[in-house]
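Undergrad: Supplied in structure tokens, the structure appears directly below.
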Amino acid sequence: MDQLKVFVTHYNYFITIFLMVAGLYIVIARGNMIKKLIGLSLFQTSVYLLYLSAGKIVGGTAPIYDPAFKFYSNPLPHVLILTAIVVGVSTFALGLALVVRIHEAYGTVEEDEIFAKDDGA
Amino acid sequence: MNKDGVSGAVVEGASVQGTGLIKGASIEGVPVESLLMMVLLTLLAVITIAIVRQRNMFGVVMLASIYSFLMASVMMVLDAVDVAMTEASVGAGISTVILLATLHLTKSVEYPQVRGVIIPIFVSVVVGAALIWGTMSLPPFGIVDAPVHMHTAPTYLAASRDHLAPPNMVTSVLADYRSFDTLGETAVIFTAGIGVLMLLKGRRRKMLGESEGQGDRGGEA
């Protein structure tokens, strides 16, 4: 029963870790560079989830002031993650532009084929 | 703790249970909000498995878009409304558009699986186990007296209330206390935009020589 309780109260963290590990797995195991970047953004999103989970109060409300409410979730993680999302998408765009350039130079975005071409040249 | 009465932390007179959870609707002792959260998170995990397994790149991009929308819903339930809006527009909108543009430019449709999966699975399992071990000492989800709500947050909340405008605390914290974050963010976006433009410049010139060109992807961030 105690373990079940821990499972329920820490479920957010478990899923966060699952998403993070899935992103890591994609980055290591998949050779397609676009998919690698999607894996990286999964990894990134799991960090957003971790921050926002920490800021939440169950039974509280969104941090918009109103005299009717007493409990608000912590606004600071929201501010940090707002910045992180926008920075994340700009680095994502830069990575994809690099992929496009790599495709121009090598004619493929598969890592293994690129290595093979490098070795052959 | 806090004499102003507005706080992320414990306020006198509020009905807080021994577990640190605010009294509210609950099923078998689990708050309804947490249950909703768990359902959405489980869906998120399912979509993630689908992303890992999907071989068709177009499918992967669509699943990534679904993932972003689900993540935005999760953020809504986590009371992060501003973040949810940004995630829905930026994560599900702009990311999908630039991914589709990249797919078009690289003609990446399907890819074979040629590498071994033993080492990646091993690394992932070890990292995951270490992280799960690490979360065991974290406070339970959603309690009022978690350390994160004790420090600086009450100050921000009280100050936002005393400012009177804007009522959205995220806006007031962002603009009044953490403007340098946004300055740094702008610098990053600017640099990334220049980088994208420079990387795709040669291509654009070549395309213009051939046909009318693809359209600029530099200004999307």
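Undergrad: Provide a single number: the residues in the range B:97-132 that are in a loop (DSSP other than H, G, I, E, B) and modelled with pLDDT of 90 or more.
TA: Number satisfying all stated conditions: 0.
Undergrad: Could you please give the count of residues in the range A:56-90 that are assigned to a helix (DSSP H, G or I) and either in contact (Cβ under 8 Å) with a residue 60 or more places away in the chain or more than 7 Å from chain B (Cβ to nearest Cβ) (or both)?
TA: Final tally of qualifying residues: 4.
Results for (1) more than 16 Å from the chain's Cα centre (by Cα); (2) surrounded by fewer than 23 Cβ atoms within 10 Å (Cβ to Cβ), shown as yes or no for each residue.
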{"position": "A:Tyr51", "(1), (2)": "no, yes"}
{"position": "A:Thr61", "(1), (2)": "yes, yes"}
{"position": "A:Ile64", "(1), (2)": "yes, yes"}
{"position": "A:Tyr72", "(1), (2)": "yes, no"}
{"position": "A:His78", "(1), (2)": "no, no"}
{"position": "A:Thr91", "(1), (2)": "no, yes"}
{"position": "A:Glu110", "(1), (2)": "yes, yes"}
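Undergrad: For the range B:48-56, state whether one or more residues are crowded, with 21+ Cβ neighbours inside 10 Å, part of a helix (DSSP H, G or I) and among the small types (Gly, Ala, Ser).
TA: Looking through the range B:48-56, none of the residues is crowded, with 21+ Cβ neighbours inside 10 Å, part of a helix (DSSP H, G or I) and among the small types (Gly, Ala, Ser).
Undergrad: Let me ask something else. Restricting the search to the range A:19-36, which residues are under 15 Å from the mean Cα position of the chain (by Cα) and either surrounded by fewer than 21 Cβ atoms within 10 Å (Cβ to Cβ) or at pLDDT below 90 (or both)?
TA: A:Leu24, A:Val27, A:Lys36
Undergrad: Restricting the search to the range A:7-55, which residues are over 19 Å from B:Pro139 (Cβ atoms), within 8 Å of another protein chain (Cβ to nearest Cβ) and among the polar types (S, T, N, Q)?
TA: Selection gives A:Asn32, A:Ser41, A:Thr45.
Undergrad: Give the residues of the range B:65-92 that are closer than 13 Å to A:Val89 by Cβ and either among the acidic types (Asp, Glu) or surrounded by fewer than 17 Cβ atoms within 10 Å (Cβ to Cβ) (or both), sorted by residue number.
TA: B:Glu87, B:Ser89 - these are the residues of the range B:65-92 that are closer than 13 Å to A:Val89 by Cβ and either among the acidic types (Asp, Glu) or surrounded by fewer than 17 Cβ atoms within 10 Å (Cβ to Cβ) (or both).
The values are calculated or read from the model by the stated rules, or taken from the named source; none is laboratory data. Fair warning: this is a prediction, and the values are worked out from it, not measured in the lab. Glycine also receives a Cβ, built like all others from the backbone with ideal geometry; neighbour counts cover every protein chain displayed.
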